[in-house]
2 protein chains.
Amino acid sequence: MKYLLVVAHGSRRAESNDEVRELAAKLNKMEHGFDEVGAAFLELAEPLIPDGIISAIDKGATEVVVFPYFLSAGRHVVKDVPADVESVKEKYPHIKITSAPYLGESPKLLDVILELAG
Amino acid sequence: MKYLLVVAHGSRRAESNDEVRELAAKLNKMEHGFDEVGAAFLELAEPLIPDGIISAIDKGATEVVVFPYFLSAGRHVVKDVPADVESVKEKYPHIKITSAPYLGESPKLLDVILELAG
């Protein structure tokens, strides 16, 4: 079972966290190579990233792809999210846990911006 | 002269601000309906949003589109960026200054995420 975990920073504002959960729910309904899609947060909202990964494993995931829903390669993307991922990998060495490039890295964002600004 | 101003939060980390400036520079080289593209920040980096808009007007812009490079519709997108835009509109009533939908609002992000995570 292949699981996609969308991870965001997390906000004190519940609506912002719900936006991320809704994004994961929309992805869940789309056609792609993942059996399930969920959301997790670095801080301020639940589930936290390690809990999100472990929950996916408990559901039967043998492969978890962590997707950083961040625009810039700041400390969170470079250090904090990878540290959370590593902490779970050590406990579950038989599960394939990988990280995808963060959102801001996609050159497709340029087209998305032009379409919105058009 | 039609100007696109990409506005981001701004970070204490210079590299994050440079990522936004580079994004604007890339957009500047693409084919689209804008004569020039620049970047501005809500806080922590320069130019601040009002200065970015005024600088565009000083360069000859008669129309400025402000694009919020934000993932969630938090206070910054709902209140702070619009307040900055309004403050300049009051001073330059003859210039057309509008705001585009923020990045996180685009349904195209779903495809971008799946491509990165794929």
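The values are calculated or read from the model by the stated rules, or taken from the named source; none is laboratory data. Predicted model, so just to flag it, every value in this text is computed and none were measured. Neighbour counts run over all protein chains shown; Cβ positions are idealised from the backbone, glycine included. For accessibility, only protein heavy atoms count, side chains too; no ligands or nucleic acids. Shrake-Rupley method; radii C 1.70, N 1.55, O 1.52, S 1.80 Å.
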Item to complete: Just tell me the longest site-free run in chain B, where the sites are GluC sites (Glu not before Pro) in a DSSP loop having at most 15 other beta-carbon atoms within 10 Å.
Response: B:44-118
Fill in: When each of B:LYS2/B:LYS96; A:LYS2/B:LYS108; B:LYS2/B:LYS59 is checked by Cα-Cα distance, pairs over 19 Å
A:LYS2/B:LYS108
Worksheet entry | Listing of region B:94-110 residues, each with accessible area lower by at least 40 Å² in the full protein assembly than in the chain alone (probe 1.4 Å) | B:LEU103, B:LYS108, B:LEU109, B:LEU110
Worksheet item: In what order, largest first, do A:LYS89, A:LYS79, A:LYS2, B:LYS29 sit by accessible area if the probe radius is 1.4 Å?
Response: B:LYS29, A:LYS79, A:LYS89, A:LYS2
Item to complete: Counting only heavy atoms of the protein chains, get the accessible area per residue of chain B (1.4 Å probe) and round it to a whole Å² value.
Response: 48 Å²
Discussion item. Taking a point 7 Å out from Cα toward Cβ as the label site, list the nm distances between B:GLU22 and the same residue in every other copy, smallest first.
Written reply: 3.2
Worksheet entry | Solvent-accessible area, 1.4 Å probe, carbon plus sulfur percent, for chain B | 50 percent
Response to the item:
Expressed in nanometres to one decimal, the distance between label points 7 Å along Cα→Cβ at B:GLU31 and A:LYS91 is 5.3 nm
Item to complete: May I ask for the net charge around A:PRO107, where only other residues with Cβ less than 11 Å from the Cβ of A:PRO107 are counted and Lys, Arg are +1 while Asp, Glu are -1?
Response: -1
Discussion item. How many Å² of accessible surface get buried when B and A come together, counting both sides, probe radius 1.4 Å, rounded to the nearest 100?
Written reply: 3200 Å²
Worksheet item: What are the label-to-label distances in nm, one decimal and shortest first, from B:ASP58 to the same spot in the other copies, with labels 7 Å along Cα to Cβ?
Response: 5.7
Worksheet item: Relative contact order for chain A using alpha-carbon pairs under 8 Å, separation at least 6, rounded to a whole percent?
Response: 28 percent
